[in-house]
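Presented below is the structure to which this report refers.
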Amino acid sequence: MTNDEFVQEVNASRTVFRGGTLRIWGQWFGRPHDNMHRITSAASTSDHVRLSFDQGETLAIWKPAGLEITTATFAVKQADRVRWEWYFYGRPQTPENLYYEDYVKQGDRVEATTNVDWHTPNLRPDPQMAAVELV
């Protein structure tokens, strides 16, 4: 599936999937089922796809494969890299309040980095899990 085909499928199916809690290679963003993220649009760039969400978040996915969209689940089974960006909730959406979690698949493991500065995240992605899930 090309990036353009991926984006067309996501944009056509946005009303099927109503939203969910984000998990990247098994790593929850926040507590499980503690928040709801809704996709508002999808776009293709030269090397990745970018999903936009209802609270200003973005999810970039490089080489997405295995897209699954149902009423209860949005999943991308495989990817080379996934980057989640969000503004610190409750603060102005300014560059100093923009945070990220960046996951890069390297062979049989996934390396994770973040710029979160209010605590030390324990990012332990599982390369056997789906690259992206909203459940």
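Which length gain, in nm to one decimal place, applies between W28 and T114 when the Cα-Cα distance is subtracted from 0.36 nm times their residue separation? Please report the intermediate quantities before stating the final value.
Details: separation 86, 0.36 × 86 = 30.96 nm, distance 1.38 nm.
This chain segment gains 29.6 nm when fully extended.
Around V110, what is the net charge, scoring Lys/Arg as +1 and Asp/Glu as -1 over all other residues with Cβ under 11 Å from its Cβ?
Counting the neighbours of V110, the net charge comes to -1.
To the nearest 20 debye, what charge dipole does the chain have about its Cα centre, counting +1 at the Cβ of each Lys and Arg and -1 at the Cβ of each Asp and Glu?
My answer is approximately 240 debye.
Between P64, P95, P125, find the one with the highest GNM mean-square fluctuation for the chain; connect C-alpha pairs within less than 10 Å.
In the Gaussian network model the winner is P95.
Pull out the extension gain between Q93 and M36, defined as 0.36 nm times the separation in residues minus the alpha carbon to alpha carbon distance; nm, one decimal.
18.7 nm
Measuring from a point 7 Å past the Cα of Q106 along Cα-to-C-beta, which residues in the range 20-36 have an amide N at less than 20 Å?
Under 20 Å, as judged by backbone N against the label point of Q106, lie 24-27 of the range 20-36.
If a/c stays under 1.5 just call it rounded; otherwise compare a/b with b/c (prolate if a/b is bigger, oblate if not). Do that for the chain, with a ≥ b ≥ c from the square roots of the Cα gyration tensor eigenvalues.
Details: a/c = 1.45, a/b = 1.18, b/c = 1.23.
Because its axes are fairly even, with a/c under 1.5, the chain counts as rounded.
A short reminder: the numbers here are calculations on the coordinates, not readings from a lab. This one's a predicted model, so the numbers in the text were calculated from it and none came from an experiment. When we count neighbours, we look across all protein chains shown, and the Cβ atoms used for this are built from the backbone with ideal geometry, even at glycine.
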